[in-house]
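Asks: Dropping the structure in here first, questions after.
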Amino acid sequence: MGTTPFLLQKHAIVRTDSQELIREHVAHYLCPHRMRLFDGPRLASRLSAVNFDQLAIIELQYGANVEIDPVEASNVYLFRITLEGQGTIVYADRQVSMVQGGVTVTSPCQGALIQTSPNCHNIIVRVPRHRLEQRLSCRLEQRIDLPILFDHYFPEHYPGTVFLLNTIKYFARITDSLHPQNAPHQQIKLMEEYLYDSLLGLFMNNYTQRLSGHPSPLPHYVKAAKTHIEQHLKQGIELNTLAALVGVSKRTLQYGFQEFMGLSPKAYFTQQRIKSVHQALLDAPRGYRVTDVIMQHGINSPGHFSAQYREVYGVTPVQTLQSNRAHTTGNALANAFP
């Protein structure tokens, strides 16, 4: 067993030598998994946990040589700080060491085996995939087509590592004085969103460049097509016509957008039109309906558009219109659209 005190010792869930009992608790607080014990010390496990709205912080030590095999349905990101001991995360193409002070990240779309030594003591932030993707979508103001993939390991003195440990300690202090279920819902939501934004910004991932606001220089044809799309959001686009306008083949245009913008020309058009509708709803004068804004943008499938809009902003167009202070929130006409 390790010697490092538990940060969440006031939130103890279980201490047990039962393999089945600890597996059930870890499955509940982290993710479903298979568990194997190897030769060595007997199991002497310990688990503490704090649940917020969707986020959870789990502190875990098995006290034995253990292998964890998460099932494919595990739809969470796990940000793991190793406070003591060591372990290994085994991917199909590499192995990543868990070392004291470092952070390892496992993503739901990358299968991995997790092997821990008897004194391996981890504190883990569990982040639901859909919440992190929704937050990223909101930040980029576009739908997310590819899963978020984080680098696997960050050393002890990496800025994100220091931030994560300090944030966990801060959350622990709050929960020591105020039970999460008794905290104001809005306060919890803001805390979670702050953490999601920080994880996306501080830990390298496949969206880091786009979040930094410094994308790669665009080829002239991508820049020209981008400008044309932005100027014709209410008319729609035909890919063949757009390619001809900028002087390249349809295939070249699609490849250029995917390579330099991270999405297809059609997806970029949809993204910009959603942003335009969003701003129009925020600026709408009193008496304007959602349907007025929608139809002005040439949208013929309002129900489908509403679903796309909600994916990006997390609210419906009606809710955005009602947040417009210049608009009469009680106006029944505003609610003529889902």
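The values are calculated or read from the model by the stated rules, or taken from the named source; none is laboratory data. Computed from a predicted model, the values in this text were never measured in an experiment. For neighbour counting, all protein chains shown are included, and Cβ atoms are generated from backbone atoms with ideal geometry for every residue, glycine included.
Asks: Would you mention how many residues in the range 228-255 are over 17 Å from residue 272 (Cα atoms), in contact with a Phe, Trp or Tyr (Cβ under 9 Å, 6 or more places away or on another chain) and aliphatic (A, V, I, L, M)?
Replies: Counting residues in the range 228-255 that are over 17 Å from residue 272 (Cα atoms), in contact with a Phe, Trp or Tyr (Cβ under 9 Å, 6 or more places away or on another chain) and aliphatic (A, V, I, L, M) gives 4.
Asks: Could you name every one of the strands (runs of 3 or more DSSP E) located completely within the range 24-122 that has at least 1 residues being under 30 Å from residue 190 (Cα atoms), out of contact with any Phe, Trp or Tyr (no Cβ under 8 Å at 6 or more places or on another chain) and of a type in the set (Lys, Arg)?
Replies: Filter on the range 24-122 gives 76-84.
Asks: If you go through the range 50-62, how many residues are small (Gly, Ala, Ser) and either touching a Ser or Thr at 6+ places or on another chain (Cβ under 8 Å) or modelled with pLDDT of 95 or more (or both)? Walk me through how you get there before you give the answer.
Replies: Quick first cut of the range 50-62, residues small (Gly, Ala, Ser) only: 56.
Then keep just the ones that are either touching a Ser or Thr at 6+ places or on another chain (Cβ under 8 Å) or modelled with pLDDT of 95 or more (or both); that gives none.
Final tally of qualifying residues: 0.
Asks: Follow-up question, since we're still on this one. When only residues in the range 47-80 that are in contact with a Gly (Cβ under 7 Å, 6 or more places away or on another chain) and closer than 27 Å to residue 10 by Cβ count, which is surrounded by the fewest Cβ atoms within 10 Å (Cβ to Cβ)?
Replies: Taking the candidates together, the pick is 64.
Asks: In the range 192-208, what residues are assigned to a helix (DSSP H, G or I), surrounded by fewer than 19 Cβ atoms within 10 Å (Cβ to Cβ) and not charged (D, E, K, R)?
Replies: Result: 194, 198, 201, 202, 208.
Asks: Only one residue in 291, 252, 316, 270 is surrounded by 12 or more Cβ atoms within 10 Å (Cβ to Cβ), at pLDDT 85 or above, within 16 Å of residue 141 (Cβ to Cβ) and hydroxyl-bearing (Ser, Thr, Tyr). Which one? Explain how you work it out, then say what you get.
Replies: Values: 291 fails: within 16 Å of residue 141 (Cβ to Cβ); 252 fails: within 16 Å of residue 141 (Cβ to Cβ); 316 fails: within 16 Å of residue 141 (Cβ to Cβ).
After applying the criteria, what remains is 270.
Asks: When you scan the range 125-143, do you find a residue that is surrounded by fewer than 19 Cβ atoms within 10 Å (Cβ to Cβ), part of a loop (DSSP other than H, G, I, E, B) and modelled with pLDDT of 90 or more, even just one?
Replies: Among the residues of the range 125-143, not one is surrounded by fewer than 19 Cβ atoms within 10 Å (Cβ to Cβ), part of a loop (DSSP other than H, G, I, E, B) and modelled with pLDDT of 90 or more, which makes the answer no.
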